[in-house]
Amino acid sequence: MTNKKQKSDMSASQKRLIPSYIFLTIVSILSVFPIYWMMTAATNNTADVARGKMFFGTEAATNFTNLVKETNLWQGMGNSFKYAAIQTILCLIVCSLAGYGFELYHDEKKDLLFGILLMGMMIPGVATMIPLFSMMSHLHLLNTSAGFVLPAVSTPFMIMMFRQNSRNFPVDIFEAARIDGLSEFAIFYKMYMPIMKATYAAAAVIIFMNAWNSYLWPRVVMTENKAQTMPILIANMANGYSVDYGKLMMGVLFSTIPTLVIFFVLQKRFTEGITGAVK
């Protein structure tokens with residue numbers, strides 16, 4: 001009787017979960033569909049894409065050939081990767097140092113400064129676009145890696161993320177390290193960074209994706225074709241009276257690959273870092 005009752009209770013609970021499973025399945029399909037459509041469109045010609053064809057075609061090689069011949073694909077990919085990599089590395093160093101200092105050496109003045117810093121998140125990026133462009137122009141940093149990277153080397157969100165996750169840091173080991181004679185930078189490099197590697201991985205994914213997909217600021221500061229990034233290259237392909245959608249979607253597919261690779265490689269660490277895990 002007990003076994004039958006347990007089985008009936010399990011079946012009842014499983015039935016209650018059916019609507020949740022159906023809802024999650026629908027949401028998953030809707031989330032994956034744009035990627036599927038992008039992949040299928042990259043293998044079809046413009047006429048098939050316009051007709052709404054949802055199956056893989058035979059024009060992938062033609063679209064790729066046209067993309068390489070008619071655009072600076074590899075130059076755009078190289079520029080995007082270079083700018084995104086530099087921005088990711090510098091932003092991780094600066095923001096982790098700031099978060100480390102704000103949390104582990106905080107006092108009332110630092111808390112006030114951190115509050116003012118967070119207020120910067122409420123200022124729209126468009127409002128700072130003209131002053132930033134003027135600064136980069138006067139410093140002769142247009143069409144350079146520094147011009148692309150400097151405005152995003154330090155962001156309030158990343159500093160806040162490192163500070164919040166630093167609250168789980170075992171502070172007691174600092175005192176032991178100081179007694180052993182380690183300097184503050186040695187403690188940061190040899191102890192803090194390895195323990196916070198999950199947070200670094202999560203931050204790296206966010207920073208790299210934001211830098212790779214950035215469009216407005218590169219459009220403003222990168223005025224020469226040789227310095228254009230993938231979002232600018234794709235936007236230029238979409239301009240004009242006649243758009244080759246097969247070639248366009250092939251470019252979008254190539255632009256998506258690096259961010260997908262970065263995310264899947266760091267997926268586990270990304271989840272741990274977002275949840276504030278410290279190991």
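Each reported figure results from applying straightforward, stated rules to the coordinates on display, with no laboratory input. Note that the structure is predicted; figures quoted are calculated from it, not measured. Heads up, the Cβs are rebuilt from the backbone with ideal geometry, glycines too, and the neighbour counts pull from every protein chain shown.
At 222 nm, what helix-only mean residue ellipticity would the chain give, in deg cm²/dmol to the nearest 500, using -39500 (n - 2.57) for each DSSP H run of four or more?
-23000 deg cm²/dmol
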Which label marks the calculated value of percent of Cα pairs over 29 Å apart, given the options [x] 39; [y] 52; [z] 55? [y]
Kindly rank 60-69, 26-35 from highest to lowest mean number of other beta carbons found within 10 Å of each residue. 60-69, 26-35
In nm, to one decimal, how far is the modelled label at N239 from the one at W37, with both set 7 Å along Cα→Cβ? 2.5
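Looking at the range 84-203, I'd like the Rg to Rh ratio, where Rg is from alpha-carbon atoms and Rh is Kirkwood's inverse mean 1/r.
Numbers: Rg = 16.6 Å, Rh = 16.0 Å.
Radius of gyration over Kirkwood radius for the range 84-203 works out to 1.04.
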Using a Förster distance of 45 angstrom, determine the FRET efficiency expected from the C-beta separation of E108 and F263, and round it to 0.05. 0.70
Placing +1 on the Cβ of each Lys and Arg and -1 on the Cβ of each Asp and Glu in the range 1-155, which of N66, V27, I123 has its Cα farthest towards the positive end of the resulting dipole? V27
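Pick out the long, greasy-scoring helices in the chain: whole DSSP H runs spanning 27 Å or more along their own axis by Cα, mean Kyte-Doolittle at least -1.0. Present the calculation step by step, with values, prior to reporting the outcome.
Working: long enough: 2-41 (56 Å, 0.24); 73-104 (45 Å, 0.92); 245-265 (30 Å, 1.69).
Going by DSSP H runs, the hits are 2-41, 73-104, 245-265.
Would you work out the charge dipole size for the chain about its Cα centre, treating the Cβ of every Lys and Arg as +1 and the Cβ of every Asp and Glu as -1, and quote it to the nearest 20 debye?
Numbers: 22 positive and 15 negative charges, 196 e Å.
Computed about the Cα centre, the dipole is about 940 debye.
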Separation of the range 159-196 and the range 59-118 by C-alpha centroid, Å? 24
